[in-house]
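Below is one structure, written out as structure tokens, with a few remarks after it.
No value in this document is a laboratory result; all are computed from the given coordinates. Everything numeric here is computed off the predicted structure, so don't read it as measured data. A quick note on method: Cβ atoms are made from the backbone with ideal geometry, for glycine too, and the neighbour counts reach across all protein chains shown.
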Amino acid sequence: MPPELAPRGVDLLLRKLLYHSLLSTDDQDAIAALPFTRRRLDPGSIIIREGERCDICPILLSGFAYRHKMTGDGGRQIVALKLPGDPLDFQSLYLGRADHTVQTLTSVELAIVPNRELERLVMARPSLARAVVVDIVIEASIGREWLLNIGRRNALARLAHLICEIHHRLAISATSLVESDLPITQEQLADLLGLTPVHINRTLKELERAGAIVRNGRRIRIGDLDRLCDLADFSDLYLHAHEAADDRSVRRGG
Amino acid sequence: MMRDAIITKDVPDQGMPCKAEVCAKALVDGLAQAVWETDARGIVVSDCPAWRRHTGQSLAELLDHGWIAALHPDERRGVRRRWRTAVARGRKLDIEARLQTEGGGYRWSRLYIVPLRAGDDGIGKWVGMSIDIMARKEAEQILRQSEARLRVLVSDLQHRVRNMAMVVRSVFSRTIRDERPIEDIAEHFRGRLDSLARTQVMLAQHQEGPVDLENLIRDELLGAGVQDGPLLSIGGPDVGLTPVQTELLALAFHELTTNALKYGALRAPGGRLEIVWSMNADADGREDTLLDFKWTEHGVPAIPVRPAYRGFGMDLITDALPHRLGAETHIEFLGGGVHCSISLPLSEQGGAASAA
């Protein structure tokens, strides 16, 4: 299927929705027909700014982006990481103002869909509305896992867990961290995990010593996925990646 | 498919698809390294080119009982004895032995030699074949190693569980000895239990190697929500710790951290904590065998030694560390905050702690 190998635009979003939701061909065609404009942004560009109104839904086609919030004294916490195929702001379909900032981590390519077009689809097609909700609910589930990760795991498990998660989520866009590099700096990892850059550096060294990751200069990739998952105490349940398959078998059974 | 097929002129085009003899030969050829014959007395009298190709023996070396010389020296006597017994009793021989290869080295082979009867007159001759079983032997070896490792792990685990029960009992009895409200005791006990649990996670993550001292300290501080910054500096060379050192030091760091949070540098405005260590020579002059660790608090208003702190944490640092780890320790409540130094001999098994 060549179009799947080189997603053009909203197809990548469609593929992600199909991971967790069953959609009729009509629904799928409706998404594929959404109007969008493409945009390229440099690393560090702000896509959505905290406190502002947002009337577009950018979909990440390539590259990484993240949601972050800041304390009064400028301490930054990255609260979510967005990967290719992820919609960056389904929540603005339902909420007026952005409560956090969305920024690019690497150079990214976006497909920008006007919210009113998405709203029109969601109002007309209940299955699509459900898929959007499922997507938001899974993002909340990932958020809960992050809370646990940052609140209760030690540095080694935290970092290993994040890398495992990225690997599993990238599988949706057919990328593998076993073969490609993690485009995140140590400072960014520190902001992602609530650790200091020095601590990240030491922990990366430990992961490398354990054979779980391989480093080449600033590049990080997975060396031994099983070992990494062990160290991370990782279970992919919270990603609900097989939700659509489970749903299908339940419906068939009923 | 075609490459593996046996093509022979003996196979008739019609009738039976193959004669039994041809089939048997094809199967044996596929299975065996070599097939050979001896006379009725078990003496090799004819050539076996496949054996010679495999073992590198010459014809003269192979003949008579010479083939036994192609076996591993450790196995020759046993095989010779068993072969004589087999011939004397007219029973088959079925053994596993290492067989030399032409290129040098040995490969495990199964030798299977059976007597062929010539009517009622007893044994007419013997036929033997050798089958390469190296892959199986290697798999068995790996399985044996894996089982041995598992046995070590299980016994290590049992040891650790018993040890953990002992540690928890001791922590419990020392914690309740302090004369304090039950809520205080509960809080302290839970904190110590959490620290033990964190250490167990670390030990599980480092089953194959030592635990890094700096990461141990950082994890303990992280558990209390404290990280390095302007008010906290952490620094020293890479030091690997054994499980026992890890458990006790982690508990000591927990006590120091808790104290600093409640009364010391991590609570006082303007307080500062400095954690440094270095590796030095021990009393016998052996380089890099003595860990000198210093926990120094600054900027804490001078207050008298709190009796509360004289409990578990004090016992641990002034008594358990010297007793269990051979460490020399000093702890003082000076103006400015706690000064604690720990000199810990790491020796070989400490510095380069390997899989235990």
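Some points to look at:
- Where GluC sites (Glu not before Pro) in DSSP loops with at most 14 other Cβ within 10 Å are excluded, longest remaining stretch of chain B: B:1-101
- Calculated over region B:81-146, the projected area of the Cα convex hull averaged across directions stands at 6.0 nm².
- Using C-alpha pairs under 8 Å with a sequence gap of at least 6, the mean separation divided by the residue count of region B:19-132 gives a relative contact order of 28 percent.
- Angle in degrees between helix B:243-262 and the longest Cα principal axis of chain B, rounded to the nearest 10: 20 degrees
- Calculated Rg and Dmax of chain A using C-alpha coordinates, Å: 18.4, 55
- For chain B, with +1 on Lys and Arg beta carbons and -1 on Asp and Glu, the positive-most of B:55, B:281, B:227 along the dipole: B:55
- Direction-averaged projected area, Cα convex hull, region A:90-155: 6.3 nm², rounded to one decimal.
- Loop trypsin sites (Lys or Arg not before Pro), region A:169-254 (other Cβ atoms within 10 Å of the site Cβ: 12 or fewer; DSSP): A:218
- Computed on the Cα atoms alone, the convex hull of the protein assembly as shown gives a volume of 304 cubic angstrom per residue.
- Mean Kyte hydropathy of -0.5 or more with a Cα span along the axis of at least 27 Å, helices from DSSP in chain A: A:126-152
- Taking other residues whose beta carbon is less than 14 angstrom from the beta carbon of residue A:158, and scoring Lys, Arg as +1 and Asp, Glu as -1, yields -1.
- Using equal-weight Cα scatterers in the Debye expression, the normalised intensity of region A:1-117 in log10 at q = 0.11, 0.13 Å⁻¹ is -0.37, -0.51.
- Under the convention that each Lys and Arg Cβ holds +1 and each Asp and Glu Cβ holds -1, the size of the dipole of chain A around its Cα centre is about 320 debye.
- Rounded tilt (10° steps) of B:73-89 against the dominant C-alpha axis of chain B: 40 degrees
- From least to most packed, judged by other beta carbons within 10 angstrom and beginning with the fewest, B:19, A:82 follow the order B:19, A:82.
- Kirkwood radius and radius of gyration were both taken over the C-alpha atoms of region B:138-355, and their ratio Rg/Rh is 1.01.
- Region B:19-132: C-alpha gyration tensor shape, a/c 1.5 cut-off, then a/b vs b/c: oblate
- Those chymotrypsin sites (Phe, Trp or Tyr not before Pro) in region B:28-69 that DSSP places in a loop and that have at most 10 other beta carbons within 10 Å: none
- Within region B:51-142, trypsin sites (Lys or Arg not before Pro) in DSSP loop having at most 14 other beta-carbon neighbours inside 10 Å: B:91, B:92
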